[in-house]
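Participant: Pasting a structure here, questions to come.
Derivation of every value follows stated rules applied to the coordinates shown; laboratory data play no part. Computed from a predicted structure; not experimentally measured. With ideal geometry, Cβ positions are generated from the backbone for all residues, glycine too; neighbour counts draw on all protein chains shown.
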Amino acid sequence: MAIENLKQRTKRFALRIIRLVESLPETKISNVIGHQILRSGTSIAANYRASCLAKSKRDFINKLKIVEEEADETIFWLELLEESGVFPITKLLTIKQEACEIFSIVVASIKTTRKNQKTPS
């Protein structure tokens with residue numbers, strides 16, 4: 001059940017990213033940052049979905065590491081957008097918080113899977 005919840009959560013996050021990028025002002029800075037956020041933010045959901053089809057625990061961890069990297073990159077681009085001043089900070093707070101929560105969940109999942117991998121079945 002937790003897997004399905006995170007699948008839906010990351011998909012909702014991707015949709016929020018799409019709406020955010022669509023609402024950015026038409027400037028060179030926001031176009032560049034927006035493109036990066038769109039790529040990394042939607043990649044979180046796609047790569048998490050791929051991790052659910054992993055063939056082994058090792059494969060699962062490797063795919064989750066990609067999700068972790070994409071989530072961290074998304075947080076970076078959201079911070080850059082925030083600090084650039086081209087978009088109201090108040091409109092970024094909840095999406096940035098969600099990115100951080102997803103990142104934390106994925107890191108915890110990697111740690112748990114690694115721990116379970118080391119214990120005999």
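Participant: When you go through (1) over 26 Å from Arg114 (Cα atoms); (2) surrounded by 13 or more Cβ atoms within 10 Å (Cβ to Cβ) one by one for Lys65, which number turns out not to apply?
Facilitator: Going through the list (1) over 26 Å from Arg114 (Cα atoms); (2) surrounded by 13 or more Cβ atoms within 10 Å (Cβ to Cβ), Lys65 breaks only (1).
Participant: Applying the selection to the stretch 68-100, what residues are among the β-branched types (Val, Ile, Thr), in contact with a helix residue (DSSP H, G or I) (Cβ under 9 Å, 6 or more places away or on another chain) and over 18 Å from Lys11 (Cβ atoms)?
Facilitator: Matches in the stretch 68-100: Ile75, Val86, Ile89.
Participant: Output the residue which, of all residues in the stretch 92-121 that are surrounded by 12 or more Cβ atoms within 10 Å (Cβ to Cβ) and charged (D, E, K, R), is farthest from Val32 (Cα to Cα).
Facilitator: Arg114
Participant: Looking at the stretch 21-41, can you tell me whether even one residue there is in contact with a Lys or Arg (Cβ under 9 Å, 6 or more places away or on another chain), assigned to a helix (DSSP H, G or I) and exposed (fewer than 13 other Cβ atoms within 10 Å of the Cβ)?
Facilitator: yes
Participant: Look through the stretch 42-92, keep the residues that are part of a helix (DSSP H, G or I), out of contact with any Lys or Arg (no Cβ under 7 Å at 6 or more places or on another chain) and small (Gly, Ala, Ser), and return whichever of them is nearest to Val107 (Cα to Cα).
Facilitator: Ala71
Participant: Leu15: without any contact (Cβ under 8 Å) to a residue 40 or more places away in the chain, in a helix (DSSP H, G or I) and either more than 22 Å from Gln117 (Cα to Cα) or out of contact with any Leu (no Cβ under 9 Å at 6 or more places or on another chain) (or both), yes or no?
Facilitator: Spelling it out, Leu15 is indeed without any contact (Cβ under 8 Å) to a residue 40 or more places away in the chain, in a helix (DSSP H, G or I) and either more than 22 Å from Gln117 (Cα to Cα) or out of contact with any Leu (no Cβ under 9 Å at 6 or more places or on another chain) (or both).
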